[in-house]
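Here is the structure we will look at, set down as structure tokens.
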Amino acid sequence: MQKAEKMQALRVFAEEIRVETLKTIGALGFGHVGGSMSIVDAMAVLYGEVMKIDPKNPRWEGRDWCVLSKGHAGPCAYATLGLKGFYDLELTRTLNKPGTNFPSHTDRTKTPGVDLTTGSLGQGMSTATGAALGHKIDKRDNRVYVFIGDGEADEGQVWEAAQFAAHHKLDNLVCFADVNKMQLDGPTDAVMGHGKGIGAKFDAFGWNVIDVADGNDVEQIYDAVMAAQEVKGQPTAIILNTKKGYGATFAEPSGAHSSQPSAEQWEEAIAAAEARLAAVKAQ
């Protein structure tokens, strides 16, 4: 398949994830729309083209791992995994309801395809780093991809893990920093600024850093991941400059961390996402 065909397939997959993410959260009526929607395109690239996975054997030892340190973006992961055939998509409509296997934050003991339990911000970065080191020790070629938020990067634990990963030359580890510029209490720069930027911090800790100007563009993300795979002796941080709530009509304008729109707003958002999917398919 030519690259242009791959990119078109990834664009379609991303729009499918957007629709299903909205339907998943919409079944509950409220939730973390903002941070789920901003990483859709990166998840489409990983699960649509890059990662080694086996939906029929989620614990396959040869698989690549994906860890949402920003565990509240779980609905995006659930939509992605469902679309890849890890389970029936309709099951995701039980999001955060009694007895569900789809909690609002990812849990590896409940959801097929979730590699590590996350939700306490910062900890997923550490456990992903440990997984990458474990693969190195066991002489496996598995890669680990971890997502952190720019608000989450306020946590010191993120930078302890970054220092550890660089020291151990974990070139099988890629960290996506979702720089959507908003966190729970407001703009990240207002709550806790990152000085010269998150990329500059990773660089100072000894990481290879790739800046993606449009973190909601699958081709730019794909190119960054391919470049990261060529790097030896360093972990890579891919800085995704994204829009919080991207593709959700009620969330994107405000960049809200969590949303509880009306039923009519949910219907409008899902209809708009489905129309966008149809338009991309027609290209």
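Here are the numbers for the structure shown:
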quantity	calculated
Residue in region 259-266 that is within 21 Å of the chain's Cα centre (by Cα), more than 30 Å from PHE164 (Cβ to Cβ), in a loop (DSSP other than H, G, I, E, B) and modelled with pLDDT under 95 present	no
Qualifying residue in region 92-110 (condition: at pLDDT 95 or above, hydrophobic (A, V, I, L, M, F, W, C) and assigned to a helix (DSSP H, G or I))	no
Filtered residue count, region 200-229, keeping only those that are in contact with a strand residue (DSSP E or B) (Cβ under 7 Å, 6 or more places away or on another chain), part of a helix (DSSP H, G or I), within 21 Å of MET182 (Cα to Cα) and free of Cβ contacts under 8 Å to residues at least 60 places away in the same chain	1
Residue within region 230-239 that is at negative phi, surrounded by 16 or more Cβ atoms within 10 Å (Cβ to Cβ) and without any contact (Cβ under 8 Å) to a residue 24 or more places away in the chain present	no
Search result, residues across region 116-158 that are assigned to a loop (DSSP other than H, G, I, E, B), over 25 Å from LYS201 (Cβ atoms) and out of contact with any Asp or Glu (no Cβ under 7 Å at 6 or more places or on another chain)	ASP138, LYS139, ARG140, ASP141
Search result, residues across region 1-38 that are surrounded by fewer than 20 Cβ atoms within 10 Å (Cβ to Cβ) and part of a loop (DSSP other than H, G, I, E, B)	MET1, GLN2, GLY29, PHE30
Cross-chain or 6+ apart pairs with Cβ under 6 Å, region 270-283 first and open to solvent by 60 Å² or more (accessible area, probe 1.4 Å), then among the charged types (D, E, K, R)	ARG276/GLU15
Near pairs, Cβ below 6 angstrom, 6+ apart or cross-chain, from region 49-69 (part of a loop (DSSP other than H, G, I, E, B)) to any residue that is of a type in the set (S, T, N, Q) and surrounded by 16 or more Cβ atoms within 10 Å (Cβ to Cβ)	ASP64/ASN142; SER69/THR118
Given (1) within 27 Å of ASP217 (Cα to Cα); (2) of a type outside the set (Asp, Glu); (3) at pLDDT 95 or above; (4) open to solvent by 20 Å² or more (accessible area, probe 1.4 Å), index of the condition LEU184 fails	(3)
Residue within region 115-134 that is open to solvent by less than 60 Å² (accessible area, probe 1.4 Å), at pLDDT 95 or above, among the acidic types (Asp, Glu) and closer than 21 Å to VAL33 by Cβ present	no
Selection within region 240-263 - open to solvent by less than 10 Å² (accessible area, probe 1.4 Å) and of a type in the set (A, V, I, L, M, F, W, C)	LEU240, ALA248, ALA251
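The values are calculated or read from the model by the stated rules, or taken from the named source; none is laboratory data. Just so we're clear, the structure is a prediction, and the values are computed from it rather than from any experiment. When we count neighbours, we look across all protein chains shown, and the Cβ atoms used for this are built from the backbone with ideal geometry, even at glycine. Accessible surface is based on the protein model in full, side chains and every heavy atom, while ligands, DNA and RNA are left aside. Shrake-Rupley method; radii C 1.70, N 1.55, O 1.52, S 1.80 Å.
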